Amino acid sequence: MRRAYVEPVFVSGLAALILAGCQSNSESVPGDADDSRPWSTIAPDETVQASGTEPFWSVRVESGQMIYTAPDLPEGREIAVTRFAGRGGLSFSGERGGEVWTLAITQGACSDGMSDRSYPFTATLANGATTRQGCAWSAANPYRDAS
């Protein structure tokens, strides 16, 4: 039952992103409304990492696999994912154990609130009814230490 609920929400959100890319002169669409190209700040072959606090979690996306780790799951959970580049960001989605997992990355300065690092992207990780917020980076777009 949970899957039937999550998938329509994800599909509706994905459809909204696609439609937003087709609109012009819209204040609600990120970036240049006349530019319909997908977001390309992170290359398709780049490894993406994201993490968050309260609760602590991290993911690494590489070669079509997302590995989720948390203090209660130090060995990690591997999820096969597909990549989608929209106008305002990037997402990786997959399913494991009947739950849909989606990592959304968007441009924007981010702080984890615990270190002096500044990250180039914000991250939202959703699985089932759980949504976590965090920061993201890649090798070509690294985090920066304040010092």
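Look at region 36-58: where a residue is in contact (Cβ under 8 Å) with a residue 60 or more places away in the chain and closer than 21 Å to ALA139 by Cβ and a partner is part of a loop (DSSP other than H, G, I, E, B) and of a type outside the set (Gly, Ala, Ser), sitting 6+ places away or on another chain with Cβ atoms under 8 Å, you get TRP39/ARG87; THR41/ASN141; ILE42/ASN141; VAL48/ILE42; SER51/ASP112; GLY52/ASP112.
Could you tell me how many of the residues in region 98-111 are part of a strand (DSSP E or B) and either open to solvent by 30 Å² or more (accessible area, probe 1.4 Å) or farther than 20 Å from MET66 by Cα (or both)? Steps first, please.
Within region 98-111, the first condition is being part of a strand (DSSP E or B), and the residues that meet it are 99-110.
If we keep only those that are either open to solvent by 30 Å² or more (accessible area, probe 1.4 Å) or farther than 20 Å from MET66 by Cα (or both) too, we end up with 99, 104, 106-110.
So the count comes out to 7.
For region 65-75, state whether one or more residues are over 15 Å from THR47 (Cα atoms) and either surrounded by 15 or more Cβ atoms within 10 Å (Cβ to Cβ) or in contact with a Gly (Cβ under 9 Å, 6 or more places away or on another chain) (or both). Working first, answer last.
Initial filter on region 65-75 (over 15 Å from THR47 (Cα atoms)): 69-75.
Still in the list and also either surrounded by 15 or more Cβ atoms within 10 Å (Cβ to Cβ) or in contact with a Gly (Cβ under 9 Å, 6 or more places away or on another chain) (or both): 69-70.
Yes, some residue in region 65-75 is over 15 Å from THR47 (Cα atoms) and either surrounded by 15 or more Cβ atoms within 10 Å (Cβ to Cβ) or in contact with a Gly (Cβ under 9 Å, 6 or more places away or on another chain) (or both).
Among residues of region 119-147 that are at negative phi and in contact (Cβ under 8 Å) with a residue 12 or more places away in the chain, those with a beta-carbon under 9 Å from a residue that is surrounded by fewer than 14 Cβ atoms within 10 Å (Cβ to Cβ) and of a type in the set (Lys, Arg) at least six positions away or on a different chain give the pairs TYR119/ARG144; PRO120/ARG144; ALA129/ARG2. SER93 falls short on exactly one of the conditions (1) outside any loop (DSSP other than H, G, I, E, B); (2) at pLDDT below 95, and that condition is (2).
Rundown of residues vs (1) open to solvent by 60 Å² or more (accessible area, probe 1.4 Å); (2) in contact with a strand residue (DSSP E or B) (Cβ under 7 Å, 6 or more places away or on another chain), yes/no style:
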{"position": "ARG77", "(1), (2)": "yes, yes"}
{"position": "GLY86", "(1), (2)": "no, no"}
{"position": "LEU90", "(1), (2)": "no, yes"}
{"position": "ARG96", "(1), (2)": "yes, yes"}
{"position": "GLY113", "(1), (2)": "yes, no"}
{"position": "ALA123", "(1), (2)": "no, yes"}
{"position": "ALA129", "(1), (2)": "yes, no"}
{"position": "ARG132", "(1), (2)": "no, yes"}
{"position": "SER138", "(1), (2)": "no, yes"}
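So if I check each of GLN107, GLN133, which one is at pLDDT below 95, among the polar types (S, T, N, Q) and closer than 30 Å to ASP34 by Cα?
Answer to the check: GLN107.
The values are calculated or read from the model by the stated rules, or taken from the named source; none is laboratory data. Since we're looking at a predicted model, the values are computed, not measured. Neighbour counts are summed over all protein chains in view; Cβ atoms, including those assigned to glycine, are modelled from backbone coordinates with ideal geometry. With ligands, DNA and RNA removed, areas are computed over all heavy atoms of the protein, side chains included. Shrake-Rupley method; radii C 1.70, N 1.55, O 1.52, S 1.80 Å.
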